[in-house]
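The values are calculated or read from the model by the stated rules, or taken from the named source; none is laboratory data. For clarity, every value in this text was computed on a predicted model and none was experimentally measured. Here the Cβ is made from the backbone with ideal geometry for all residues, glycine too, and neighbour counts use every protein chain on show. Surface accessibility is based on the protein's heavy atoms, side chains included, excluding ligands, DNA and RNA. Shrake-Rupley method; radii C 1.70, N 1.55, O 1.52, S 1.80 Å.
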Amino acid sequence: MENIISDETIEYVGILAKLELSEEERERAKKDMGEMLDYIDKLNELDVSGVAPMSHVFPVSNVFREDVPSDEDGSSMTLANAPLQRNGGFEVPKTII
Amino acid sequence: MDLMSLTAAELGRKIKAKEVSVTEAVTAALEAIEKREGMVHSFVTVDKEGALLAAKEVQRKIDDGTLRGPLAGVPAAVKDNMCTEGLLTTCSSKILSNFMPTYTATAVQNLKEAGMVVIGKTNMDEFAMGSTTETSAYGVTRNPWNTEHVPGGSSGGSCAAVAAEECSLALGSDTGGSIRQPSSFCGVTGLKPTYGTVSRYGLIAYGSSLDQIGPVAKDVTDCAALLEAVASYDNKDSTSIWRESYQFTEALVDDVKGLKIGIPRDYFGEGLDTEVKEAVLAAAKALEEKGAIVEEFDLGLVEYAIPAYYIIACAEASSNLARFDGVKYGYRTKDYEGLHNMYKKSRSEGFGAEVKRRIMLGSFVLSSGYYDAYYLRALRTKALIKQEFDKAFAKYDVILGPAAPTTAPKIGQSLGDPIKMYLGDIYTISVNLAGLPGISLPCGTDRAGLPIGLQLIGDCFKENNIIRAAYAYERTRTYEHSPVAM
């Protein structure tokens with residue numbers, strides 16, 4: 001394997017991805033990601049200099065419309081699936097300590 | 001008469017002619033589900049009550065002339081990543097085990113407005129990430145042709161349900177082959193439309209720049225009719241494309257004289273099963289005998305599509321799946337200390353292994369220091385792949401090849417080696433990168449009796465070329481019912 005994924009890298013990716021891995025999952029993830037990157041590195045064979053990155057296949061740009069409200073108050077629907085709610089809002093753990 | 005052995009169009013005609021009531025059609029589907037679910041497990045949720053209620057409403061609208069479409073009254077299934085108001089939508093994930101949408105996806109809404117009755121939500125790989133429907137949190141779906149084999153994925157439930165004749169047709173979604181590959185494995189017909197043709201509003205996103213909803217059915221006629229029903233410009237989807245025409249059924253013509261078909265040599269090399277190869281080339285021969293002009297060509301860059309796809313799809317997935325945080329909907333962990341711990345624990349307990357693997361890879365390729373080397377390079381590769389297809393479509397109307405390199409593998413053989421599993425998507429993935437339409441339809445079975453799929457790829461907005469070629473080829477065959485449906 002050419003791409004060796006360190007403990008620090010997996011730790012960092014875990015922070016970015018907001019995932020907490022068990023020891024076993026962590027070792028598996030290191031191996032999987034290393035193998036995947038080895039495979040993906042195949043793209044380095046291609047000369048892509050001067051090629052613009054294509055995020056969308058069609059030449060579409062931003063789609064604008066007038067900001068006219070078309071919905072009624074949807075707050076109860078928005079909250080309908082909340083794991084916890086209070087006073088018409090989502091309830092989350094204390095964020096400012 | 002077994003109503004479920006009919007095609008959707010045939011059943012629709014009988015309903016229209018009042019030979020069959022909508023309730024009878026829906027009841028037939030529900031009875032088939034009761035009988036066959038134990039063998040295939042195509043569904044996460046069966047909405048018996050809702051379907052029977054909807055059947056009465058649809059019947060009333062047919063009787064008073066409000067509903068006149070060819071598919072009115074036909075029982076349909078919907079992949080469980082499309083939101084259905086008041087009907088559980090899980091994406092086959094634990095993290096959405098209790099998610100009850102408060103609105104309906106545009107494609108499903110269109111399907112209902114055409115008079116089809118939603119009988120349930122079909123099983124899939126968790127968040128559409130997988131090629132076997134084995135990563136579902138709600139158990140594996142089995143292939144109706146041989147229940148020891150996978151149905152393919154990620155729309156394995158939709159394809160198995162159609163093949164097992166538990167519904168007349170179904171909606172699937174395709175990000176890297178997720179309609180075409182399971183259609184191939186299950187001996188049914190599935191079409192991935194040009195990107196932007198069917199609204200993604202209400203489709204739970206995986207790789208937004210690649211995802212498209214499309215039809216799964218027994219034959220090309222049903223596929224074209226279902227696509228015609230669900231495709232629409234939608235201002236709720238900013239990537240929706242307004243098209244001049246949505247008349248896909250007008251391409252159902254048994255005439256391919258002069259149609260130029262290109263066969264990429266690169267699709268017939270190493271890794272392709274001999275029986276698949278022979279069946280696909282025999283299909284090309286059949287089209288040639290009907291007057292199509294068939295020749296081989298070099299497509300180029302084929303081996304770069306999979307690595308580019310996994311970078312782009314995982315990058316988009318890592319961003320799209322950030323919304324599952326235990327705050328707004330879905331699963332929240334029981335015990336936690338503070339906000340970040342709650343996020344991490346809810347996500348870690350809620351997502352399965354394959355989803356975590358892709359979110360992590362996506363987070364990595366988007367992270368500072370790697371973004372240019374991986375993500376931007378993949379987007380540049382995508383541009384080159386699109387150019388290769390542009391060159392091909394300057395010469396050909398249709399590109400013909402296999403949908404998958406093999407027939408359906410056995411259950412339990414794929415997940416251990418992810419890269420090997422990803423390689424199985426080699427013929428389907430580039431179609432998503434280039435935004436093209438593609439259809440998979442049966443072209444035979446292997447010695448083990450498992451179906452083989454023929455893939456036809458068209459240029460952007462040229463669904464009608466592939467529908468016409470598929471229809472003409474289909475006329476040379478008869479539909480084979482899966483053993484489970486017999």
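Given the structure, is residue B:291 part of a loop (DSSP other than H, G, I, E, B) and more than 8 Å from every other protein chain (Cβ to nearest Cβ)?
Working: part of a loop (DSSP other than H, G, I, E, B): yes; more than 8 Å from every other protein chain (Cβ to nearest Cβ): yes.
Answer is yes for this residue.
Inside the stretch B:251-276, can you point out the residues that are open to solvent by 80 Å² or more (accessible area, probe 1.4 Å) and in a helix (DSSP H, G or I)?
If we filter the stretch B:251-276 for residues that are open to solvent by 80 Å² or more (accessible area, probe 1.4 Å), which is where we start, we get B:257, B:260, B:265, B:270, B:274.
Once the filter is applied, which keeps residues that are open to solvent by 80 Å² or more (accessible area, probe 1.4 Å) and in a helix (DSSP H, G or I), the stretch B:251-276 yields B:265, B:274.
Which condition breaks for residue B:302 when tested against (1) facing another protein chain (nearest Cβ under 10 Å); (2) under 25 Å from residue A:55 (Cα atoms)?
Result: residue B:302 passes all but (1).
Residue under question is residue A:90, and the condition is that it be surrounded by 10 or more Cβ atoms within 10 Å (Cβ to Cβ), farther than 24 Å from residue B:310 by Cα and within 7 Å of chain B (Cβ to nearest Cβ); does it hold? Walk me through how you get there before you give the answer.
On the way: surrounded by 10 or more Cβ atoms within 10 Å (Cβ to Cβ): yes; farther than 24 Å from residue B:310 by Cα: yes; within 7 Å of chain B (Cβ to nearest Cβ): yes.
Here the answer is yes, as residue A:90 does meet what is asked.
When only residues in the stretch B:203-214 that are part of a loop (DSSP other than H, G, I, E, B) and open to solvent by 10 Å² or more (accessible area, probe 1.4 Å) count, which is farthest from the other protein chains (Cβ to nearest Cβ)? Before you say what the answer is, go through the steps one by one.
At the first step, the residues of the stretch B:203-214 found to be part of a loop (DSSP other than H, G, I, E, B) are B:204-211.
Filter once more, so that each one left must be open to solvent by 10 Å² or more (accessible area, probe 1.4 Å): B:204-205, B:208-209.
Values: B:204: 13, B:205: 15, B:208: 10, B:209: 6 Å.
Per the stated criteria, the residue is B:205.
Determine whether residue A:81 is at the interface with another protein chain (Cβ under 7 Å from one of its Cβ atoms) and polar (S, T, N, Q).
Details: at the interface with another protein chain (Cβ under 7 Å from one of its Cβ atoms): yes; polar (S, T, N, Q): yes.
Here the answer is yes, as residue A:81 does meet what is asked.
What helices (runs of 4 or more DSSP H) completely inside the stretch B:385-486 contain at least 2 residues that are of a type in the set (Asp, Glu) and touching a residue at least 40 places away in the same chain (Cβ under 8 Å)? Please lay out each step first, then the result.
Values: elements: B:418-423, B:429-433, B:463-474.
Correct list: B:463-474.
Six or more apart or on different chains, Cβ atoms under 8 Å: show the pairs whose first residue is in the stretch B:348-365 and facing chain A (nearest Cβ under 7 Å) and whose second is among the polar types (S, T, N, Q).
Listed pairs, sorted by first residue: B:356/B:348; B:359/B:318; B:360/B:318; B:361/B:318; B:363/B:318; B:364/A:9.
In the stretch B:294-321, how many residues are outside any loop (DSSP other than H, G, I, E, B), open to solvent by less than 20 Å² (accessible area, probe 1.4 Å) and either hydrophobic (A, V, I, L, M, F, W, C) or in contact with a strand residue (DSSP E or B) (Cβ under 6 Å, 6 or more places away or on another chain) (or both)?
Residues flagged as outside any loop (DSSP other than H, G, I, E, B), open to solvent by less than 20 Å² (accessible area, probe 1.4 Å) and either hydrophobic (A, V, I, L, M, F, W, C) or in contact with a strand residue (DSSP E or B) (Cβ under 6 Å, 6 or more places away or on another chain) (or both) within the stretch B:294-321 amount to 12.
Can you name the condition, by its number, that residue B:318 falls short on among (1) out of contact with any helix residue (DSSP H, G or I) (no Cβ under 7 Å at 6 or more places or on another chain); (2) polar (S, T, N, Q); (3) within 14 Å of another protein chain (Cβ to nearest Cβ)?
It fails just one condition, (1).
Being in contact with a Ser or Thr (Cβ under 6 Å, 6 or more places away or on another chain) and either of a type in the set (Lys, Arg) or open to solvent by less than 10 Å² (accessible area, probe 1.4 Å) (or both) narrows it down to one residue among B:106, B:175, B:133; which is it?
Details: B:106 fails: either of a type in the set (Lys, Arg) or open to solvent by less than 10 Å² (accessible area, probe 1.4 Å) (or both); B:175 fails: in contact with a Ser or Thr (Cβ under 6 Å, 6 or more places away or on another chain).
B:133 is the lone residue from the list that is in contact with a Ser or Thr (Cβ under 6 Å, 6 or more places away or on another chain) and either of a type in the set (Lys, Arg) or open to solvent by less than 10 Å² (accessible area, probe 1.4 Å) (or both).
Out of the residues in the stretch B:329-345 that are in contact with a Phe, Trp or Tyr (Cβ under 6 Å, 6 or more places away or on another chain) and either surrounded by fewer than 19 Cβ atoms within 10 Å (Cβ to Cβ) or farther than 16 Å from residue A:13 by Cα (or both), state the one that is nearest to the other protein chains (Cβ to nearest Cβ).
Of all residues in the stretch B:329-345, those in contact with a Phe, Trp or Tyr (Cβ under 6 Å, 6 or more places away or on another chain) come to B:329-330, B:342, B:345.
Add one more test, that the residue is either surrounded by fewer than 19 Cβ atoms within 10 Å (Cβ to Cβ) or farther than 16 Å from residue A:13 by Cα (or both), and what stays is B:329-330, B:342.
On the way: B:329: 3, B:330: 7, B:342: 6 Å.
Per the stated criteria, the residue is B:329.
Of all residues in the stretch A:1-39 being open to solvent by less than 80 Å² (accessible area, probe 1.4 Å) and not in a helix (DSSP H, G or I), which is farthest from the other protein chains (Cβ to nearest Cβ)?
Per the criteria, the residue is A:6.
Being more than 9 Å from chain A (Cβ to nearest Cβ), over 15 Å from residue A:37 (Cβ atoms) and either open to solvent by less than 10 Å² (accessible area, probe 1.4 Å) or touching a helix residue (DSSP H, G or I) at 6+ places or on another chain (Cβ under 8 Å) (or both) is the requirement here; does residue B:389 meet it?
Working: more than 9 Å from chain A (Cβ to nearest Cβ): yes; over 15 Å from residue A:37 (Cβ atoms): yes; either open to solvent by less than 10 Å² (accessible area, probe 1.4 Å) or touching a helix residue (DSSP H, G or I) at 6+ places or on another chain (Cβ under 8 Å) (or both): yes.
For residue B:389, the condition - more than 9 Å from chain A (Cβ to nearest Cβ), over 15 Å from residue A:37 (Cβ atoms) and either open to solvent by less than 10 Å² (accessible area, probe 1.4 Å) or touching a helix residue (DSSP H, G or I) at 6+ places or on another chain (Cβ under 8 Å) (or both) - is met.
Can you tell me which of (1) of a type in the set (A, V, I, L, M, F, W, C); (2) open to solvent by less than 90 Å² (accessible area, probe 1.4 Å); (3) not in a loop (DSSP other than H, G, I, E, B) is the one residue A:77 doesn't meet?
(2)
Considering only the stretch B:383-422, how many residues are in contact with a Pro (Cβ under 9 Å, 6 or more places away or on another chain) and polar (S, T, N, Q)?
1
To keep it simple, each residue is scored yes or no on (1) without any contact (Cβ under 8 Å) to a residue 60 or more places away in the chain; (2) of a type outside the set (A, V, I, L, M); (3) within 14 Å of chain A (Cβ to nearest Cβ); (4) part of a loop (DSSP other than H, G, I, E, B).
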position: B:59; (1), (2), (3), (4): yes, yes, no, no
position: B:68; (1), (2), (3), (4): yes, yes, no, yes
position: B:71; (1), (2), (3), (4): no, no, no, yes
position: B:90; (1), (2), (3), (4): yes, yes, yes, yes
position: B:108; (1), (2), (3), (4): no, no, no, no
position: B:119; (1), (2), (3), (4): no, no, no, no
position: B:161; (1), (2), (3), (4): no, no, no, no
